[in-house]
Amino acid sequence: MNDTDGNDFTRNKPSRDEPAPYESAPNRPARCELAPDDVALGEAALDDVTLDDVTLGDVTLDDVAVEEELRAAVLRLDPVPPQLETDAMQAFALRTLDAELAEIAFDSWAEQAATRVRGSGAPRLLTFRAGTVEVELEVSGRRLLGRVVPAGETNVRVQRRDGERVVRTDALGRFTADALDPGPLRVRVAPRALGPVVTSWIRV
C-alpha cells in the first residue's frame, strides 16, 4: 500500500513468520547480542581473551610469560654449572654442628661489586667474627692467607668437601695455605681458651 507520496507502508512491517523487533522497556534489561562465533557449546569461548585481560593479584599473565621467557634465556645462555650444584650440596652436608659459626663482617667483593664483574685479579679480602674471635682471610688465586685474632699459635683447618689441610699460625696469628684446588672451602680455628670457630664457605 502506498500513500499519496508513493511511500510503501508495508516495507518495514514484520511478517507473521518473523518475530517483532525487540523493543526496550523501562524495566527490561539491555539486550546482549552474541554472534554465533562468540558462543561455544561444551567449552568457554576464550579465543578473544588476551593475557592483559587476566591478572594474578597485581601481576598479569603477560608479566609471568615474560619472566618465563627470561628464565629460559638465562638457562640457555648461562646455565648453572653442574659442579656448582654438587659443591653446594656438599657444603650443606658438611655444615658444622660443634663449632660456632663466624659471621661475615666484611667482603671486598660486596664492597666493590664492579671489581668482581670485571675480574681485575685483585685478591678477595674477608673478615669473619664470632664473639671475641676474628678470622681475616685473603684469597688470591689458589693461595689463602689469613690471620686469627686473638693472636697466638694454634692449628687452622682448611676444610674442603673431600678432606682438610692443617696449617699452623705463627705467634702473630698469621697462616698460609698454598696450591689449593679450586672449589669451596672454610676455615676452622680453635684459639687458646676459646671454643672452636668456623667460617662460612667461600670459593677459591
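If the condition is being without any contact (Cβ under 8 Å) to a residue 40 or more places away in the chain and assigned to a strand (DSSP E or B), then segment 155-174 contributes ASN155, VAL156, ARG157, VAL158, ARG160, GLY163, GLU164, ARG165, VAL166, VAL167, ARG168, ARG174.
Scanning segment 148-163 for residues that are out of contact with any Asp or Glu (no Cβ under 8 Å at 6 or more places or on another chain) and surrounded by 14 or more Cβ atoms within 10 Å (Cβ to Cβ), we see that the one that is farthest from VAL135 (Cα to Cα) is GLN159. For segment 164-176, how many residues meet the condition of being surrounded by fewer than 19 Cβ atoms within 10 Å (Cβ to Cβ) and in contact with a strand residue (DSSP E or B) (Cβ under 8 Å, 6 or more places away or on another chain)? Number satisfying all stated conditions: 8.
Put simply, of VAL148, VAL166 the only residue that is under 20 Å from SER108 (Cβ atoms), among the β-branched types (Val, Ile, Thr) and either under 38 Å from the mean Cα position of the chain (by Cα) or modelled with pLDDT of 95 or more (or both) is VAL148.
The values are calculated or read from the model by the stated rules, or taken from the named source; none is laboratory data. Owing to the predicted nature of the structure, the values given are computational and were not obtained by experimental measurement. Neighbour counts run over all protein chains shown; Cβ positions are idealised from the backbone, glycine included.
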